[in-house]
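What follows is a set of notes on a single structure, which appears directly below.
The values are calculated or read from the model by the stated rules, or taken from the named source; none is laboratory data. These numbers were taken from a predicted model, which means no experiment stands behind them. Positions of Cβ are generated from backbone atoms using ideal geometry, with glycine treated the same way; all protein chains shown enter the neighbour counts. Accessible surface areas use protein heavy atoms only, side chains included; no ligands, DNA or RNA. Shrake-Rupley method; radii C 1.70, N 1.55, O 1.52, S 1.80 Å.
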Amino acid sequence: MSSSESAAPGKPGIAARWTSSVKSAVGTAAEARSRVWFTMSHGILNEVYYPRVDQANTRDLGLIVTSGSDFFSEEKRDTTSVVRMIRPGVPGYRVTNTCRDGHYRIVKTIVTDPERNAVLQRVHFDALQGNRADYRLYALLAPHIGNQGSNNNGWVGDYKGVQMMFAERDGCALAMACSEPFLAMSCGYVGASDGWQQLNKHKTLAECYAEARDGNIALTAQVDLEACSGDFVLVLAFGPSPAEAGQDARAGLLRHFDVACKEFVDGWERFHKRSRSPRTKDRAETDEYRLSAAVIRTHEDKGHPGGLIASLSIPWGDSKGDHDLGGYHVAWPRDLVESAGALLAAGHADGARHSLHYLMVTQDADGHWPQNMWLDGRPYWQGTQLDETAFPILLADHLRRRRALGTLRPWPMVRLAASYLVRFGPVTPEDRWEEDGGYSPFTLAVEIAALLAAADFADAAGQAEVARYLRETADVWYDSIDRWTYVTDTPLCRSSGVDGYYVRIAPRNVDDDVPAAARLVMIRNLPPGTDPVVYNQLVSPDALALVRFGLRSATDPRVVNTVRVIDRMLRTETPAGPVWHRYNGDGYGEHADGSAFDGTGVGRGWPLLAGERGHYELAAGDKDEARRLLGVMRAQASSGGLIPEQVWDAPDIPERNLIKGCPSGSAMPLVWAHAEYLKLARSLEMGRIFDMPPQTVKRYGRGQTACNFAMWRFNHKIRSMAPGRILRIEAQARFVIHWTCGDRGPTQECDGVDTTIGVWVADLATKLLPPGSEVRFTFFWPDADRWEGTSFSVCVGAT
């Protein structure tokens, strides 16, 4: 082996890619002072995050074994891997990787140092054929610092005389060191001069390059197996500078591994002791419960308490590059609230409270939250989803009802969010799956529940008029649910043998009182070759939110009909139990041949939806079926208990590792799915839905609340109204309404009244108008001193 001080050739290397999203493990220390998170798949470390849980800094770190002459074996491709938690619910791992050809075995224990920013791996290498001296062992690290594989710098160096390999980019650095000095070290460009290329070709580091800068790089170091007798500790440390990363790496080496491991375990055991223990004798259910609580906590940022990301993964990451910086390691307010609710179910009111405080901090000035965001609140995607503005209100209300708000005073946040909902709802620009917008049963259910919860906050704040307006708006939207989203006499009705069903989403028309059944708009963005689907034949388990949030009984005939259609169109049986698709025509999933989703594909089954169906079955009185579905979620998890975003529900494709009923290539773990598992377990203990808001049940459960208004606004025009109602005109600026009944009636004037939450309203005296009457009106805008210039009309329909 030769050595060189030169820079590596082949700059900048091939285009950077991430790695598998199907994680076998995720972990971090329970202590806040250690700001490092790691993931694993195929028996090796994948993305390691620092200093925030939304900032990945590596692609992977694995071992390569050679003979130095004719044998080459890569740990992540050529071994059979078994991953086990150190203890149930403790996200530190013992990993056994056995060479498929029987040459060697590698056993690793992996934790993060609770006192510093470092991942520790204690490694034991066994020669199963021949002697240890017959093998050479190399650590291969691919830095992707700051969520980016390009423009990384790497070099060979030392910290205080301890040899290390370093990488840095844009104010973040890492250092890799070993308890036994490396025999050789080299930096190279991936696909050109990296260590993998040399080891695969020469079975040794034929050239050792001192540095590789401004590219997609890899760092390779040879472990001295003979000097350490096959036992060593490999440290990967991080800091804002190479010196600080090097310092934490050396500190990790000087500390006894067993001491760090014990502190790691003790920290997580303290977390679980503060948890509410599940009341079950089923060991598998208890273990998954503890694991789910740990998974949720592992996805919380330590510098932004309460900031929970969706997943420490990038779906189909091995096909994604620097264009997908965020993957799922950003915060979705909806997912965050679902996860915070699960912490509350597990007895961690403090964790849920931290999440509410985080949401209070990151709320935009106009009252909404970004569709998803980096932990500092900057938007990642640019969409808007109204359910993501409604969910934080429900979290605040849940904490209030449990007397767990502590010193938080969330009314200002709630008021702003409610203002945004009444100004821009009920039509959402995009549904909860980030796709076509319109009238969504799921979003409507969340919005209505949130408005009623916000009204309770308003009452407590002494703002009775605001509370009244919020409840009246909720009543109008509640009264319109069926008109907007329930269809009858469609081809799907007839073929399913039902009178009607709730659609997944009904597109918005210019005149928003057109019944959903009349909206024959074709859905776009279907997978190639898929037959066109009209919106009124598009169904989704989302409709079950009407039950989950207390707006419909589980035995309501309309809901029962919808469940029948959902099962016919979206349910698939697998060896692990049933799965449900998000909706018919879904294109988010692998292609039929198993290749990765690339903007098109075929939607697959979601374990999350089995949990939501379990909540529906519990509400319907079938506790046994609800418990069975809790078990289905476990059965569809990985061997280590991680619940994926999707499972493969087509015939097996073993060469792509796609097995029916097992995780697909989407995100794993999906934190929302683990949250649903926890909440379903708690709901089963209670015998009722844990997170059902009581306000909706109280106001609408027995049909005792009548809707007295028909609502017209510029973003929600109506052209007809039921007799006996007050026509409420709304706008987002001060106005005066001039209106008449018919062509010859006297002109009346009505001033808009400021609700103080961004909406002015004028209630026209239309309650006594007979059917067939026509109300005509126009606006004068005092602040602009101008007339609208257009007249509008609303007809009073028949009873």
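A residue that is open to solvent by 10 Å² or more (accessible area, probe 1.4 Å), at pLDDT 95 or above and either part of a helix (DSSP H, G or I) or in contact with a helix residue (DSSP H, G or I) (Cβ under 6 Å, 6 or more places away or on another chain) (or both) cannot be found anywhere in the stretch 656-668. One residue alone among ALA56, ALA15 is of a type in the set (A, V, I, L, M) and surrounded by 19 or more Cβ atoms within 10 Å (Cβ to Cβ), and that residue is ALA56.
The residue list TRP381, TRP369, TRP374 contains one member that is under 16 Å from SER419 (Cβ atoms), touching a Gly at 6+ places or on another chain (Cβ under 9 Å) and among the aromatic types (Phe, Trp, Tyr), which is TRP369. Within the stretch 618-631, the set of residues being touching a residue at least 40 places away in the same chain (Cβ under 8 Å), open to solvent by 10 Å² or more (accessible area, probe 1.4 Å) and part of a helix (DSSP H, G or I) comprises LEU618, ALA619, LYS623, ARG627, ARG628, GLY631. Answer yes or no as to whether THR389 is of a type in the set (Ser, Thr, Tyr), out of contact with any Cys (no Cβ under 7 Å at 6 or more places or on another chain) and free of Cβ contacts under 8 Å to residues at least 40 places away in the same chain. No. Restricting the stretch 515-525 to residues that are modelled with pLDDT of 60 or more and either assigned to a loop (DSSP other than H, G, I, E, B) or open to solvent by less than 10 Å² (accessible area, probe 1.4 Å) (or both), the residue that is farthest from ASP598 (Cα to Cα) is PRO515. Among residues of the stretch 715-763 being among the basic types (Lys, Arg) and under 21 Å from TYR469 (Cβ atoms), the one that is most open to solvent (accessible area, probe 1.4 Å) is ARG734. With respect to the stated conditions, HIS144 fails to be touching a residue at least 40 places away in the same chain (Cβ under 8 Å) and open to solvent by 30 Å² or more (accessible area, probe 1.4 Å). Candidates LEU253, LEU291: the one that is at pLDDT 95 or above and surrounded by 24 or more Cβ atoms within 10 Å (Cβ to Cβ) is LEU291. Regarding SER319, is this residue at positive phi and either open to solvent by 10 Å² or more (accessible area, probe 1.4 Å) or among the aliphatic types (A, V, I, L, M) (or both)? In short, no.
GLU685 meets each of the listed conditions (1) open to solvent by less than 60 Å² (accessible area, probe 1.4 Å); (2) part of a loop (DSSP other than H, G, I, E, B); (3) over 28 Å from ILE481 (Cβ atoms) apart from (2).
Within the stretch 363-399, the residues that satisfy the criterion of being of a type in the set (S, T, N, Q) and open to solvent by less than 10 Å² (accessible area, probe 1.4 Å) are GLN371, ASN372, GLN385, THR389.
To keep it simple, each residue is scored yes or no on (1) assigned to a loop (DSSP other than H, G, I, E, B); (2) touching a residue at least 40 places away in the same chain (Cβ under 8 Å); (3) more than 13 Å from GLY149 (Cα to Cα).
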{"site": "ALA15", "(1), (2), (3)": "yes, yes, no"}
{"site": "ARG33", "(1), (2), (3)": "yes, yes, yes"}
{"site": "VAL53", "(1), (2), (3)": "yes, yes, yes"}
{"site": "GLY62", "(1), (2), (3)": "no, yes, yes"}
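Listed by position, the strands (runs of 3 or more DSSP E) inside the stretch 204-261 whose residues that are under 27 Å from GLY92 (Cα atoms) number at least 2 are 217-223, 231-239. Within the stretch 764-799, restricting attention to residues that are more than 45 Å from the chain's Cα centre (by Cα) and of a type in the set (Phe, Trp, Tyr), which residue is most open to solvent (accessible area, probe 1.4 Å)? That would be TRP787. Among the residues of the stretch 339-362, those identified as more than 25 Å from ASN147 (Cα to Cα) and open to solvent by 20 Å² or more (accessible area, probe 1.4 Å) are GLY347, ALA349, ASP350, ARG353, HIS354, HIS357, MET360.
Residues that are in a loop (DSSP other than H, G, I, E, B), open to solvent by 10 Å² or more (accessible area, probe 1.4 Å) and touching an Asp or Glu at 6+ places or on another chain (Cβ under 8 Å): does the stretch 22-30 have at least one? No, that holds for no residue. Give me the residue from the stretch 410-419 that is without any contact (Cβ under 8 Å) to a residue 60 or more places away in the chain and not hydrophobic (A, V, I, L, M, F, W, C) and, out of that set, least open to solvent (accessible area, probe 1.4 Å). Among them, the one singled out is PRO410.
Any residue in the stretch 640-654 that is in a helix (DSSP H, G or I) and open to solvent by 10 Å² or more (accessible area, probe 1.4 Å)? Yes, because at least one residue in the stretch 640-654 is in a helix (DSSP H, G or I) and open to solvent by 10 Å² or more (accessible area, probe 1.4 Å).
Residues in the stretch 743-775 that are of a type in the set (D, E, K, R) and closer than 30 Å to HIS368 by Cα: 3 in all. The numbered conditions (1) over 22 Å from the mean Cα position of the chain (by Cα); (2) open to solvent by 40 Å² or more (accessible area, probe 1.4 Å); (3) at pLDDT below 95 are all true for THR407 except (3).
Would you call ASP231 touching a His at 6+ places or on another chain (Cβ under 6 Å) and open to solvent by 10 Å² or more (accessible area, probe 1.4 Å)? So ASP231 fits the description; yes.
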